[in-house]
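The values are calculated or read from the model by the stated rules, or taken from the named source; none is laboratory data. Note that the coordinates shown come from a computational prediction; the quantities given were computed from them, not determined experimentally. In this analysis, Cβ positions are derived from the backbone assuming ideal geometry, glycine residues included, and neighbour counts consider all displayed protein chains. Side chains are part of the model used for accessible areas, which takes the heavy atoms of the whole protein and leaves out ligands, DNA and RNA. Shrake-Rupley method; radii C 1.70, N 1.55, O 1.52, S 1.80 Å.
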Amino acid sequence: MAANANMALPGIHELVVEGESDPTFLDDLIAANHFKTFLLGRGIDLPPELMTGLNVLMTAFQDDVAMYRKMSQQRRPVQESLWPWRRGNGA
Amino acid sequence: MAPSPEARAALDDFIVQLAQHGDGLTLEEFRLRSLDQAQRTQRRVRRTLYVAGLTFMLAILLALIFPASFRNTPLLWVGLWAMSLGGLGAIASIFLLILKLVPQPALHKSEELEVFGRIFLGCLFSLVFAITVVSSALMEFYNYILAPVGKAPSGSAQLLLPFLCGYSIPLVLGILGKAIQAVEITLGFEDRRGAVVTRTIRRRGSQSSPGTR
């Protein structure tokens, strides 16, 4: 399976095509990266192909990922504070 | 830029691999909105724990400082004392759980309900057990606080029962199980009576033939 993934990732330039970026793909990519970081933090050994592959994808789509993160931060609902003096500050 | 079909296929493959290593975790728990929601829930839970903990501690301190206020209603003092101890027990238990699960990826809405429910149950069980099981020990303790002369009341385990009831739900369930069993035996339920008869016969048999072992 990992070998297949490696074969599907020949180079960064072949991972992208002209057109609109796909939000579902970006969401999955960011979540997969968080998942990977979490597992590594727990001391779980992951296959090197998986680590390299995700890094390659993150590098290839780094601009789109940054834009997507920014957009989701803007869309985040205002958090209501339980403390009255902090209400309305988004704290 | 749009992802090529190869990139999409590779990412799907990676997600499957991550799920295989994730021991039951899924990608859903690591999405931006899930992480954001978890962070907010965690903040709310922490705040609840701090506020509730401080409130219970304050109630205990007030009960210790002003015991004379309850001179006409000593059972109210017992109830307040037990509920505060039970609540503190529940909070101590939740804190330990949270500290143990530091790398937990997400704290869901249901877990927020669990925290509230746990504190509520801690107070409830402590109150019930304090009033029905250890009320005399607590009253003795209250009288000692009111006029601290002579020997301090013994039976610290009994005094600790409200805290333990809040701290450990399995303990409460165990006590309740035993109580239900006792009631069932008293009422003469068929299956329990059979068990008792068998046990009695076995005991009699072992008494009558001590030399056989």
Query raised in the report: Other chains' Cβ within 10 Å of B:18-25 residues: what's the mean?
Result: 5
**Report entry** Förster-model FRET efficiency, 30 Å R0, A:Met58 and B:Arg47, C-beta, rounded to 0.05
**Finding:** 0.30
Query - Order of exposure, largest accessible area first, which applies to A:Asp63, B:Asp36, A:Asp22 with probe 1.4 Å - result: A:Asp63, A:Asp22, B:Asp36
Report task. Return the sequence-ordered ³J(HN,Hα) values of segment B:23-35 in whole Hz as given by the Karplus equation 6.51 cos²θ - 1.76 cosθ + 1.60 applied to θ = phi - 60°, using x for Gly and Pro. Result -> 6, x, 7, 10, 5, 3, 6, 10, 5, 4, 5, 5, 5
Query raised in the report: For the pairing of chain B with chain A, what total accessible surface becomes buried, with a 1.4 angstrom probe, in square angstrom to the nearest 100?
Result: 3600
Requested in this report: Please work out the FRET efficiency for the pair B:Val128 and B:Ala9, using the Cβ-Cβ distance as r and a Förster radius of 45 Å; give the result to the nearest 0.05.
Outcome: 0.15
Query raised in the report: Along segment A:65-73, what does the Karplus equation 6.51 cos²θ - 1.76 cosθ + 1.60 (θ = phi - 60°) give for ³J(HN,Hα), rounded to whole Hz, x for Gly and Pro?
Result: 5, 4, 5, 5, 4, 4, 5, 5, 5
Query raised in the report: B:Met1: accessible area at probe 1.4 Å, nearest 10 Å²?
Result: 90
Query - Portion, in percent, of the accessible area of segment B:1-145 that falls on carbon or sulfur, probe 1.4 Å - result: 69
Report task. List the chymotrypsin sites (Phe, Trp or Tyr not before Pro) within segment B:120-161 that fall in a DSSP loop (any state other than H, G, I, E or B) and whose Cβ has at most 12 other Cβ atoms within 10 Å. Result -> none
Requested in this report: Using θ = phi - 60° and the Karplus relation 6.51 cos²θ - 1.76 cosθ + 1.60, list the HN-Hα couplings for segment B:134-146 in order, rounded to whole Hz, with x at every Gly or Pro.
Outcome: 10, 5, 5, 5, 5, 5, 4, 5, 4, 5, 5, 5, 5
Report summary line: From highest to lowest solvent-accessible area (probe 1.4 Å; ligands, DNA and RNA excluded), A:Glu20, B:Glu184 read A:Glu20, B:Glu184
